[in-house]
Amino acid sequence: MPEELLQRLEASGRLPTPPAVVVRLLELTRRSDVAVRDLAETIALDPGLTVKVLRFVNSPIAGLSREVTSLQQAVALIGVRGVKMMALSFAVLPSQSGATCRGFDPDQFLVQSLACAVAARVVARLVGAGSTHEAFAAGLLSQIGRMVLASAVADDYAEILAQARNAPRDLPPLERGLWGQTYATIGGHLLRRWGLPETLCTAITAFRDPQQGEDANGLARVLNLAELAACVVCPDKPADPIDARDFADAIQQAHGVSGEQAGAALAEIAAEVGHLKQVLDVSAGRVRSIEEIESQVRERIAELSVAMHLENRSMAEQQADLLRRATTDPLTGIGNRAAFDARLALEIDRAVRTGTPLALMMLDVDRFKSFNDTYGHQAGDRILQAVAHLLDENVRKIDYAARYGGEEFAVIAPDTHRDGLLVLAERLRECVAHLAVPWEGHTLRVTVSIGAAVFSEILDAGELPGIIRAADAQLYNAKTAGRNRVCFTVERRPAPVVQSA
């Protein structure tokens with residue numbers, strides 16, 4: 001087939017969705033309790049919509065690491081809210097309503113496509129040929145080439161349809177005479193260009209190939225049998241149907257299926273297709289016009305957009321709240337131990353990269369146990385809250401204050417040298433010393449002992465426990481030296497010696 005024609009056919013990928021399918025989608029999208037299965041089954045009523053959903057879920061934007069070949073998988077992965085929005089967005093729009101050619105009945109085409117899908121599922125189950133969901137999708141899309149040809153090359157295809165006694169079985173020889181390819185190979189090539197899984201594309205491309213033989217794809221043989229069964233159940237021209245014995249003979253020759261089993265399979269296919277036709281007919285009768293459907297679609301898309309926006313905002317707020325709870329000490333409202341550990345590791349890494357010093361202060365409330373013993377634990381909690389608030393208010397913006405545990409606090413001071421550390425530590429000590437905490441007619445006053453350490457020159461990830469030990473040792477010195485004071489140290493590590501060659 002000339003590339004120009006293939007590009008022309010590819011451009012016709014915006015295929016119309018039957019109004020009845022859109023009506024059914026509108027009904028489902030209004031339900032808060034709609035199940036993924038219901039949405040998948042409704043989308044599966046339309047080959048064009050199925051193509052669009054599978055095309056999206058297999059595209060790079062979906063970010064999946066594996067191919068998705070069944071509609072049930074696709075809908076489950078996208079999720080109910082996403083599928084509602086996507087299905088309506090992909091559905092009927094004025095620009096999608098291209099004119100079809102003479103002799104091509106869109107309603108009959110839809111029924112035959114559904115019959116091929118149902119038949120492919122039944123046949124795959126009967127002969128044990130892989131996934132029935134995959135077979136259904138392949139059967140539904142196996143006829144897509146016919147719709148594309150009827151939309152893109154309507155005049156030429158009208159001549160072919162006029163010569164065929166029964167579409168689609170009589171079409172391939174006529175199509176080869178004009179284009180050198182059949183609707184099946186054309187459909188498979190286009191599905192491949194649209195990004196659908198190779199398993200489906202290969203099967204659809206090959207299933208009407210007379211040279212497929214024993215080495216052909218097993219799914220392609222299922223599609224050939226499925227189309228034959230669909231033509232028995234839903235003939236293009238009811239006055240000239242294909243004999244059911246043709247299907248029975250074909251499936252018996254290919255898979256050893258008995259005539260009784262073949263007849264039962266045809267009955268099952270006919271019953272399910274009849275049910276699907278009723279669904280479409282009932283839904284179609286509930287609206288007055290295409291314009292009304294399109295108006296309802298636009299309104300519903302707007303409603304879903306607002307709902308998704310509110311849901312996303314709510315989820316963002318919930319995530320922010322969860323993060324705050326995970327990193328905040330519930331009593332004092334400042335950072336907790338886990339948040340302190342993470343922040344210290346981050347600041348050490350930054351100090352390594354920038355070559356700047358890093359200071360750490362460990363602060364302990366002096367004689368805290370006596371406050372609990374004298375005034376009760378609630379008074380002790382009130383003191384801890386007051387000290388935490390004071391630290392948070394008096395450290396620099398680049399510093400980080402956290403509750404380390406019990407009555408002990410910590411302050412990380414990035415890019416801080418010895419002199420700056422002393423100024424900051426003394427300011428915090430004096431602020432606490434002037435703190436007055438009212439409690440049940442009493443004024444509680446506290447002090448803190450502070451141990452501080454500055455690490456400079458060489459730091460690495462292994463210094464995280466080292467810097468804490470250094471500050472803790474200075475805190476112990478401050479306690480033993482009389483409390484309410486600052487003790488500090490500057491830790492330096494020599495640069496590694498480079499051995500000369």
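Derivation of every value follows stated rules applied to the coordinates shown; laboratory data play no part. Being a predicted model, the structure only gives us computed values, none of them experimental. Glycine gets a Cβ as well: all are built from the backbone with ideal geometry, and neighbour counts include every protein chain shown.
Structural remarks
- Nitroxide proxy distance, nm - points 7 Å out along Cα→Cβ at Arg245 and Ser59: 5.1 nm
- Among Met85, Met147, Met361, the order by Cβ neighbours within 10 angstrom, fewest to most, reads Met85, Met147, Met361.
- Computed extension gain for Glu67 through Thr443, at 0.36 nm per residue and net of the alpha carbon distance, reaches 128.4 nm.
- Here the simple spin-label model places points 7 Å from the Cα toward Cβ, and for Ala154 and Arg31 these points are separated by 3.7 nm.
- Sites Leu77 and Ala320, calculated FRET efficiency, Cβ-Cβ separation with R0 35 Å, nearest 0.05: 0.85
- Multiplying the residue separation of His389 and Asp341 by 0.36 nm and removing their Cα-Cα distance gives an extension gain of 15.3 nm.
- Separation between Cα centres of the stretch 223-270 and the stretch 368-443, rounded to whole Å: 84 Å
- Cα gyration tensor shape for the stretch 309-440, rounded if a/c is under 1.5, else prolate or oblate: oblate
- Here Glu440, Glu198 are placed in order of increasing Cβ neighbour count within 10 Å, fewest first, which gives Glu440, Glu198.
- Computed from label points 7 Å out along Cα-Cβ, the spacing between His417 and Asp349 is 2.8 nm.
- Its relative contact order, with pairs defined as Cα atoms under 8 Å and 6+ residues apart, puts the stretch 337-492 at 31 percent.
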